[in-house]
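Contents: one structure, followed by commentary.
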Amino acid sequence: MTWPILRGILLFLALTAAACTSADGHSPTLADAKALQHLIGEVGLVQKQLVAHPELAGTGKGVPAPAVLTAEQRTLLLSWWAPHLDHDRALASYQVRFLYGWQSLKTPAEQTRALAVGLAALAAQVQANLDFIVRFGRVEAAYAVLNDAALDVGVAAGEFDRALVATAKPQTMLMLTLGVQALERHIDHLRTTDAIDAPFLALADQTLTYAQSVQTAYDKAAPRLLASAISTVTQDPLDAATAALIEHIAEWLGDTRLRKRTSSLISAEQIDWLATQLQPGDVMVERRNWYLSNLGLPGFWPHAELYVGDPATLTAALDQDPPVRAEYGAAGLTGYLQKELPTVWADYVAKAEDGRPHRVIEAVSEGVVFSSLHEAAQADYLGAMRPRLSPLDKARAIAAAFAQHGKPYDFDFDFLTQSTLVCSELVYVAYQTLAPKQGLILPLTEVMGRQTLPPTDLVKLFDQQHGSAARQLDFVAFLDGRESTRTAVVATEADLRASWQRPKWDLAQQ
């Protein structure tokens, strides 16, 4: 059977299957479109890295593919693969929200905006998967690494096979083909003088060109793609989670910090208990399932923050310490902050949005802000660790963190600049050793060509230094989520130590 005939049969089968499904569409905002364009740019950075290293795929002139990858080559390959998987899930969520059900929207303009955004996400997802599949699908050494569990970067086993099967499915071809045809028919609905539609028209034009080029690439790779998929285990390991992905992730698309969420596994009572365990200067890590913040950062833990306590707690913990008073004056750290950072202090002592006192400083999408503990800990998993430092050095760290207040969020995750900050960078800057301050030695990791500190690496450091004289962090608390019961439990130090080895997209924490 020739490929064109087989392609026609598969399209018919996929069309029949698609006719049995429906979804409610959502109209994208300009912020959605801009966030998608940023995400596609991140995808492009991974693609450039692949092209820049032809030796791993044996595509360079006279350079065969390696029979076995070196440790350095494995690290390099996984530094592309882990963010690719993040991007894949994010792009899927755009499709769920905008491409599925676009026809249910009320006006032709809304339908076309949703179609343009959803199709752009689909085309980027297909192209990104094709880049890996075509380049490494026949390179046994690379395939073995990409399909194996890589706990050090939070990657589960079987991910390459999952991407292969998902890309080869007839529905993928159908959505791409019909999406292009539909956008060609509907794009004129955006050709108005409406200020809202002008940027969407530009996006739609770009999407058509891009999606058509992806169609060509897909058709070229399709015979080999399909053959590989048929020879692969055809059960998609994420099929069981697809419904949950659709149900949960679309609602929170593109938001780094969701403040109004009411479905976290950690309860308000557990957060009240956590407040009795924490001390100013403690480092917290957290995870919210179905949350797409910090795309490209590997590991189970995607967010880090610094606990400072409310003003009374901060005063009681540090202001009476003689070395603190010697450095900051008779009024201690709080007196120094009031005098040197009056605007920041005024924001700190004000009530949080939920009416509770501010107790946490963190970098979120709005920038470096103060949060109440209930805002910051309304998560599904939360770990807390205490730096083994003197009260004075913790005071210095808190003062350094307060000095970052108001800075924008660093969506480029670039630790070389500090005019903008990502979540773990705030912790890094606060506890950076600068004489005479003694801080934490936190090793940076290269992710997509950038030096950064994935929050998971804080827990990894805690685990690897445990029991040694050089350990820098002590255990405070671990609230461990249980999806099956929609609750969290108070877990052990050993549980927190092992948590960094969980795959980033692990859906089986029961």
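Counting only residues that are of a type in the set (A, V, I, L, M, F, W, C) and in contact with a Phe, Trp or Tyr (Cβ under 8 Å, 6 or more places away or on another chain), which one in region 154-181 is nearest to GLN212 (Cα to Cα)? Among those that are of a type in the set (A, V, I, L, M, F, W, C) and in contact with a Phe, Trp or Tyr (Cβ under 8 Å, 6 or more places away or on another chain), it is LEU176.
In region 89-117, the residues that are at positive phi form Cβ pairs under 6 Å with partners that are surrounded by fewer than 20 Cβ atoms within 10 Å (Cβ to Cβ), at six or more places apart or across chains, as follows: GLY101/ALA23; GLY101/ASP24. Scanning region 269-290 for residues being of a type in the set (Lys, Arg) and either surrounded by fewer than 19 Cβ atoms within 10 Å (Cβ to Cβ) or part of a strand (DSSP E or B) (or both) gives a total of 1. Residue count for region 354-370 satisfying the condition of being assigned to a loop (DSSP other than H, G, I, E, B) and closer than 24 Å to GLU425 by Cα: 2.
Against the numbered list (1) more than 26 Å from the chain's Cα centre (by Cα); (2) among the hydrophobic types (A, V, I, L, M, F, W, C); (3) part of a loop (DSSP other than H, G, I, E, B), ALA379 comes up short only at (1). Residues that are over 18 Å from ASP380 (Cβ atoms) and at pLDDT 65 or above do not occur anywhere in region 242-257.
In region 322-333 there is no residue that is part of a strand (DSSP E or B) and crowded, with 23+ Cβ neighbours inside 10 Å.
The values are calculated or read from the model by the stated rules, or taken from the named source; none is laboratory data. Computed from a predicted model, the values in this text were never measured in an experiment. Methodologically, a virtual Cβ is constructed for each residue, glycine included, from the backbone with ideal geometry; neighbour enumeration extends over all protein chains shown.
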